[in-house]
Structures are given as structure tokens and as C-alpha cells.
Number of protein chains: 2
Amino acid sequence: MAVKRGPYDSDLQRQRRSQILLNTRELLESEGIEGISMARIAKMSSVSTKTLYNIFVNREGLLLQAAANRLDELVGSASIQIATPGIPRLLAITELAMLPFRDNPEFMKTVVAIVVAANENTPGAGERVGRVQMLAYDALVVARENDELKSGVDLQELSLIIAANQWGVALMWQQNMISLEQLIRQSNLNHVITLIPFCTDGRKQWLEERMDTFQHAITPVSKQPIRLSS
Amino acid sequence: MAVKRGPYDSDLQRQRRSQILLNTRELLESEGIEGISMARIAKMSSVSTKTLYNIFVNREGLLLQAAANRLDELVGSASIQIATPGIPRLLAITELAMLPFRDNPEFMKTVVAIVVAANENTPGAGERVGRVQMLAYDALVVARENDELKSGVDLQELSLIIAANQWGVALMWQQNMISLEQLIRQSNLNHVITLIPFCTDGRKQWLEERMDTFQHAITPVSKQPIRLSS
């Protein structure tokens with residue numbers, strides 16, 4: 001019986017797809033988002049533009065996949081793998097996931113704009129929101145096993161709230177309501193805040209200390225940084 | 001000396017503007033968002049379409065203002081005014097602000113879509129995000145005066161996070177990642193969760209009890225509702 005394959009699923013095709021994403025990311029780094037055109041990426045990758053459209057649907061799809069590819073790489077990196085599984089790893093991922101925003105804010109602003117303005121015709125936008133939730137959910141499952149969470153916490157709902165809050169902060173930044181520094185600081189802080197009411201004592205105290213760390217690690221945005229004690 | 005006026009700022013003009021928004025809201029209620037066209041609203045309001053465009057820039061601007069007008073009315077309503085100023089009032093506003101989502105989800109989906117996809121050319125979208133922050137900020141100022149908040153809390157930052165989280169949950173709903181019931185439940189729950197780490201003991205305990213209330217008041221979205229104790 002023939003194995004049912006998704007689109008573009010052979011080894012060769014997956015390899016080609018990876019190469020295209022790598023080329024896209026290189027061009028993003030050297031020339032910024034203005035440099036990315038479908039024709040140019042096709043030429044760099046020795047594929048026809050027709051093939052490129054077949055794989056990524058359109059330029060938006062290609063940009064979203066390039067960002068997802070970067071995130072996958074960061075999540076798989078050593079600094080995440082050495083973080084304690086569960087909530088510490090979730091926060092390590094959040095922190096590392098801010099790197100692309102710092103390195104290439106213009107590109108990430110476009111990515112956020114594509115995702116938040118997405119409709120059913122935007123390829124991969126739903127997956128992108130879903131990916132944040134999935135990462136949170138997986139970490140929460142481990143956190144529950146490790147008794148980091150109070151009993152009865154709805155992991156599905158908590159992971160949805162974490163994803164919503166992450167996208168909310170990204171949206172504020174994309175709409176120029178907050179600066180890049182605030183985006184990074186608030187993304188980290190927000191997850192810590194959200195998790196505190198759900199954690200058991202040891203982890204809760206660890207999170208409360210972490211709130212203090214963020215307060216001192218990053219330049220405060222106003223003269224009264226968030227503090228837990230006077 | 002002539003008094004400097006903003007656009008459309010005389011009594012008559014403000015009155016006319018109110019009437020237009022009232023007409024828009026009536027038509028929204030009777031026919032839904034499909035029924036709203038600039039020509040039709042102009043005719044109903046006995047103004048030229050040119051005047052209508054002068055005031056609201058475009059249909060998106062009119063829809064945003066109609067939603068803002070509804071929110072203003074809700075915030076000014078008796079049930080908010082009788083709520084204890086500070087954090088209880090903030091949560092009362094959050095709860096009441098969910099009414100338009102329940103009453104006219106299609107309209108509110110469009111409003112959220114306009115706001116999240118906004119750029120510098122979208123009239124009033126930034127104000128709309130800013131409005132949520134301002135409502136939160138005002139409530140937090142009172143909360144600080146009433147010793148509901150731990151000392152040193154950065155009200156500006158906390159109000160930004162509250163606004164971000166509200167828009168994040170709305171975005172998840174607009175993108176069909178969560179249901180209307182989840183939107184309402186998570187919007188309320190999210191603010192409670194966010195505030196807990198910043199509150200002094202009495203208010204904190206009140207919020208923790210409120211987490212339980214939301215758990216039981218609204219149909220749980222999964223078999224394991226959020227609970228604080230086993």
C-alpha cells in the first residue's frame with residue numbers, strides 16, 4: 001500500500017525546503033526584509049518561482065516559515081536543552097525566542113503583522129499562534145509531572161492564556177505602543193506573572209525571585225520598576 | 001483670541017456625531033455589520049457622505065467609534081459606578097466590556113480585526129488599544145491609593161501588560177483559536193491572574209477567591225477547570 005504523504009514530504013523535498021529557508025534567513029540577515037522577493041529566493045535556491053509558490057503559497061508564507069524555522073532552531077539549541085524541564089525551560093524558551101526580535105526587529109514586525117492580520121487564507125499563521133501554545137502546553141505537562149503546578153490546573157486553558165499574552169505583547173510592540181526593550185522585558189515578565197498563581201510553593205517562590213531579576217536585568221521603562229516588596 | 005478647536009468640536013457637531021454613532025449602533029443591532037454602509041448611515045443621519053467621511057475617515061473608523069461609544073456607555077453605567085473603585089471596578093469593567101462580544105460577536109470580530117491589523121492610516125485604532133490601558137491605569141492609581149497594591153509597582157507597565165493581555169485573548173478569539181465562551185472566561189480570568197502577584201494580602205485573597213468563581217460561573221472549556229486547591 002502506498003504511504004500517504006503530505007505535500008512536499010520526501011527526503012529530497014524536505015532538504016530543498018530547508019535550503020530555501022536557510023537562503024531566506026541569510027538574505028534577511030544581510031539585506032533585511034526589503035531584500036526578500038520570491039523571484040530572488042527562487043533563483044538563489046535553484047528552483048522555479050512556481051515551485052517556491054507551490055511550497056510556501058506566497059511571500060507571507062515564506063516569511064512565516066523562515067521565522068518558524070529560526071524558532072525551531074532556538075528551541076532545539078543547547079541552552080534550552082540544559083534548562084530544567086518544565087517551567088524553567090518554558091521561561092528559557094521565552095527568553096531565547098526574543099532573540100530574533102532583537103536581531104531583526106523589522107523582519108519580526110512584519111511576521112507579527114502577518115500573523116495578527118491573518119485570515120483563513122494566510123498560510124501557516126494559525127500554526128504560528130498554535131506553536132506558542134504547544135510549546136507552553138508541553139512544558140506545563142512536564143511541570144505537572146514535577147509537582148510544579150497546583151493540582152487541578154487546566155493545562156489547555158493555561159497554555160492558551162500564555163499564548164494569548166505573548167501575542168498581545170507582540171501586538172503592542174508591532175503597533176508601536178511599546179519599545180523593543182519593553183517587548184522583551186514584558187514578554188518575560190508576563191509569563192512569570194501568569195504562572196505564579198498556578199504554582200506550588202517552591203516554584204512560586206522561584207518565580208517571585210525571577211520577577212525581581214527582570215526588574216534589575218533590563219533597563220526599567222519608567223522610574224518605578226515593578227517590585228514585589230518595598 | 002480664538003479658542004483652538006479640534007476637528008468637529010462644536011456642540012452642534014458633537015451632537016451630530018453622537019446621533020450618527022447612535023444610528024450606526026441601531027443598524028448594527030437590527031441588521032448586523034453587513035447592513036452598515038457609509039451611504040446608508042449618511043442618509044439615516046441626514047448628513048452628506050462627504051461629511052461622514054470628514055468625521056470618521058472611513059467605514060473602519062466609523063465602526064471603531066461605534067464600538068468605543070458602546071464601551072463608554074458601559075463604563076459609565078450604574079453597575080460600574082457602584083463597584084468599589086480600584087481593582088474591583090477594573091474587573092467589573094472587564095466583565096461588562098464582554099457584553100458587546102456576546103451581543104454582537106460578528107461586529108466585535110470586525111472591530112478586533114481592524115484594531116490588530118491597524119497601521120498608522122487606521123483612524124482611531126491606536127486610541128482603542130490605548131483606551132484599555134487608560135481604563136486599567138486609572139483603576140490602578142485608585143488601587144494604589146487604597147493600598148490594594150504592593151509598594152513600588154510600576155502602574156504604567158502593569159497597565160500596558162493588562163491591555164496587551166486583553167488584546168491577546170481577543171486576537172485568539174478573532175482568529176478562531178478559542179470560542180466566545182473562552183474569550184469571556186479568559187478575559188476575566190486573565191486580569192485576575194495578572195493582578196495577583198502585585199496585590200497586598202487582603203486584595204490578593206479576594207482575587208484568589210475570584211479565580212474560583214470564574215471556574216464555577218462559566219461552563220468549563222475542558223474537563224479540568226482551573227482550580228487553586230485540590
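The table that follows gives values for the structure above.
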| read-out | value |
| --- | --- |
| Residues located in region A:192-206, provided they are assigned to a helix (DSSP H, G or I) and more than 14 Å from B:VAL192 (Cα to Cα) | A:VAL192, A:ASP201, A:GLY202, A:ARG203, A:LYS204, A:GLN205, A:TRP206 |
| Among (1) buried (at least 19 other Cβ atoms within 10 Å of the Cβ); (2) hydroxyl-bearing (Ser, Thr, Tyr); (3) outside any helix (DSSP H, G or I), the one test that A:THR84 misses | (1) |
| Qualifying positions in region B:69-106 - touching a Lys or Arg at 6+ places or on another chain (Cβ under 8 Å) and either within 14 Å of B:LEU28 (Cα to Cα) or not assigned by TED's automatic domain parsing to the domain that holds B:ARG203 (or both) | B:ASN69, B:ARG70, B:PRO100 |
| Out of B:GLN13, B:GLN65, sole residue that is surrounded by 11 or more Cβ atoms within 10 Å (Cβ to Cβ) and modelled with pLDDT under 90 | B:GLN13 |
| Test result for B:GLY168, out of contact with any strand residue (DSSP E or B) (no Cβ under 6 Å at 6 or more places or on another chain), free of Cβ contacts under 8 Å to residues at least 24 places away in the same chain and assigned to a loop (DSSP other than H, G, I, E, B) | no |
| Leading residue by the ranking (surrounded by the most Cβ atoms within 10 Å (Cβ to Cβ)) among those in region A:145-157 that are at the interface with chain B (Cβ under 7 Å from one of its Cβ atoms) and outside any loop (DSSP other than H, G, I, E, B) | A:GLU157 |
| Count of residues meeting criterion [exposed (fewer than 15 other Cβ atoms within 10 Å of the Cβ) and outside any helix (DSSP H, G or I)] in region B:40-57 | 2 |
| Members of region A:167-178 found to be more than 7 Å from every other protein chain (Cβ to nearest Cβ) and under 18 Å from the mean Cα position of the chain (by Cα), listed by number | A:ALA170, A:TRP173, A:GLN174 |
| Candidates A:ALA117, A:ALA125, A:ALA164, filtered to the one that is within 7 Å of chain B (Cβ to nearest Cβ), under 18 Å from the mean Cα position of the chain (by Cα) and within 21 Å of A:LEU28 (Cβ to Cβ) | A:ALA117 |
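The values are calculated or read from the model by the stated rules, or taken from the named source; none is laboratory data. From a predicted model like this one, the values you see are computed outputs, not experimental measurements. Because the Cβ atoms are built from the backbone with ideal geometry, glycine has one as well, and the counts that use them run over all protein chains shown.
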